[in-house]
Amino acid sequence: YSPRFTELSGRSSGTRLSASVRRCNTMHTIRPATPDDATTILDIQKRAFAEEARLCDNWEIPPLTETLDAVVAHIENQTVLTAWNGAQIVGSVRGLVSGSVCTIRGLSIEPEHQGRGIGSKLLHAIERAHPKVTHFDLLTNTTMTGNVRFYERHGYGIAELRRYTEKIELAYMSKTAI
């Protein structure tokens with residue numbers, strides 16, 4: 001694991017704050033995760049995906065059944081970034097690299113912190129952490145109506161729609177790396 005940064009602040013390359021950060025009451029810091037963060041990452045992920053499970057009437061979706069050992073393995077072997085509000089983790093994202101592709105996984109924001117630009121910051125940070133990949137892939141549940149729009153705003157396009165269960169349709173999305 002060797003991202004191009006050790007810590008990112010909420011400041012853009014200029015002196016003005018980016019639009020997503022201006023909406024926040026506080027500055028959020030993006031940092032690489034450590035194994036000590038795994039329990040918090042998993043707890044936030046479960047809270048963040050609970051609404052999706054409720055809407056789909058399926059509590060066996062992968063974000064809710066993932067194990068702590070799996071999160072620790074990602075931290076130790078791939079790129080996992082956390083968003084901090086002061087001394088508290090409020091979100092995370094993972095970048096799993098295979099060859100020239102980085103698969104974005106587990107973008108999770110603490111529910112009471114959603115809508116403040118933290119997800120956008122994490123997504124941009126995970127992309128910047130992988131300058132050598134040719135594209136980024138992810139999959140998202142279309143039941144959560146804002147998911148596809150969120151990723152489209154960040155340059156991702158739907159490559160395929162696939163039925164997962166009667167109530168779940170997954171959008172496989174991709175973005176060419178710049």
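The values are calculated or read from the model by the stated rules, or taken from the named source; none is laboratory data. Keep in mind that this is a model prediction, so the values were computed, not measured. Counting neighbours? That spans all protein chains shown, and the Cβs are built from the backbone with ideal geometry, glycine included. Areas reflect the complete protein model, heavy atoms only, side chains present, ligands, DNA and RNA absent. Shrake-Rupley method; radii C 1.70, N 1.55, O 1.52, S 1.80 Å.
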Meets criteria (touching a His at 6+ places or on another chain (Cβ under 7 Å) and over 18 Å from A50 (Cα atoms)) for I118
yes
Residues that are modelled with pLDDT of 50 or more and either in contact with a Leu (Cβ under 7 Å, 6 or more places away or on another chain) or among the hydroxyl-bearing types (S, T, Y) (or both), drawn from the range 8-30:
T26, T29, I30
Taking the range 40-94 and keeping residues open to solvent by 70 Å² or more (accessible area, probe 1.4 Å) and among the polar types (S, T, N, Q) leaves T67, N77, Q88
In the range 131-168, which residues are open to solvent by 20 Å² or more (accessible area, probe 1.4 Å) and either on the phi > 0 side of the Ramachandran plot or touching a Phe, Trp or Tyr at 6+ places or on another chain (Cβ under 8 Å) (or both)?
D137, L139, G155, I158, A159, E160, L161, R162
For the range 64-178, list the strands (runs of 3 or more DSSP E) that sit wholly inside it and hold at least 2 residues that are without any contact (Cβ under 8 Å) to a residue 40 or more places away in the chain and of a type outside the set (F, W, Y); which are they?
88-98, 101-109, 135-141, 157-163, 169-176
Condition check: more than 16 Å from the chain's Cα centre (by Cα) and either loosely packed, with under 13 Cβ neighbours inside 10 Å or more than 26 Å from A38 (Cβ to Cβ) (or both). Does K175 satisfy that?
no
Which ones in the range 129-147 are closer than 15 Å to G115 by Cα and among the β-branched types (V, I, T)?
T145
How many residues, within the range 102-123, are open to solvent by less than 30 Å² (accessible area, probe 1.4 Å), out of contact with any Gly (no Cβ under 9 Å at 6 or more places or on another chain) and not small (G, A, S)?
1
